[in-house]
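To start, the structure under review is shown below, and the notes come after it.
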Amino acid sequence: MSRRIEDRLEALWRRFGYAPYKMSRFEEYELYLKNKDFLVSDRVITFNDTDGRLLALKPDVTLSIIKSSDKMVEGGGTYKVYYDENVYRTSETTESFKEITQVGLECIGDVDDYNIYEVLMLAAESLRTVSEDYVLDVSHMGIIS
């Protein structure tokens, strides 16, 4: 993705109150083990840290955001962040690990109808920023109705 597009997306998301989220390349493997059904693949690059903990190169950003959001939404409210992070996943074509960029936003906590509308609108505007030729596929009947 070009720097110009990244800057436009960042400006769009900040305008609606989303803050940047940065994380370490590593996360405790236990987080991914407990949530393996959420991941695209159960193949995760792991290694032992110097203190013996089993760590992983992050295969996803959303789980880390959810883990950190617990402290942010304890008393209610919403936690709104965006990210542009590298993740490490298995390639579907070569079956080897690859580094890819994961870009997106999360709105977590006391989410109401406005928050849902805002996220859907931001998804459409984000796609439009990348290309005029896009399709937004919403597959949740509750939202559509």
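The values are calculated or read from the model by the stated rules, or taken from the named source; none is laboratory data. For clarity, every value in this text was computed on a predicted model and none was experimentally measured. Here the Cβ is made from the backbone with ideal geometry for all residues, glycine too, and neighbour counts use every protein chain on show. Heads up: the accessible areas ignore ligands, DNA and RNA and are worked out on the full protein's heavy atoms, side chains in. Shrake-Rupley method; radii C 1.70, N 1.55, O 1.52, S 1.80 Å.
Data for the structure
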{"quantity": "Residue satisfying condition, being touching a Phe, Trp or Tyr at 6+ places or on another chain (Cβ under 6 Å) and part of a helix (DSSP H, G or I), within set 126, 64, 69", "calculated": "69"}
{"quantity": "Residue 90 touching a helix residue (DSSP H, G or I) at 6+ places or on another chain (Cβ under 6 Å) and touching a residue at least 24 places away in the same chain (Cβ under 8 Å)", "calculated": "no"}
{"quantity": "Criterion (open to solvent by less than 50 Å² (accessible area, probe 1.4 Å), at pLDDT 90 or above, part of a strand (DSSP E or B) and of a type in the set (D, E, K, R)) met by exactly one of 85, 118", "calculated": "85"}
{"quantity": "Qualifying residue in region 63-71 (condition: open to solvent by less than 80 Å² (accessible area, probe 1.4 Å) and either over 17 Å from residue 22 (Cβ atoms) or of a type in the set (Asp, Glu) (or both))", "calculated": "no"}
{"quantity": "Candidate set: region 12-34, residues that are under 14 Å from residue 67 (Cβ atoms) and among the aromatic types (Phe, Trp, Tyr); chosen: the one most open to solvent (accessible area, probe 1.4 Å)", "calculated": "26"}
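Rundown of residues vs (1) under 22 Å from residue 117 (Cβ atoms); (2) touching a residue at least 60 places away in the same chain (Cβ under 8 Å); (3) open to solvent by less than 50 Å² (accessible area, probe 1.4 Å), yes/no style:
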{"site": "5", "(1), (2), (3)": "no, yes, yes"}
{"site": "36", "(1), (2), (3)": "no, no, no"}
{"site": "39", "(1), (2), (3)": "no, no, yes"}
{"site": "97", "(1), (2), (3)": "no, no, no"}
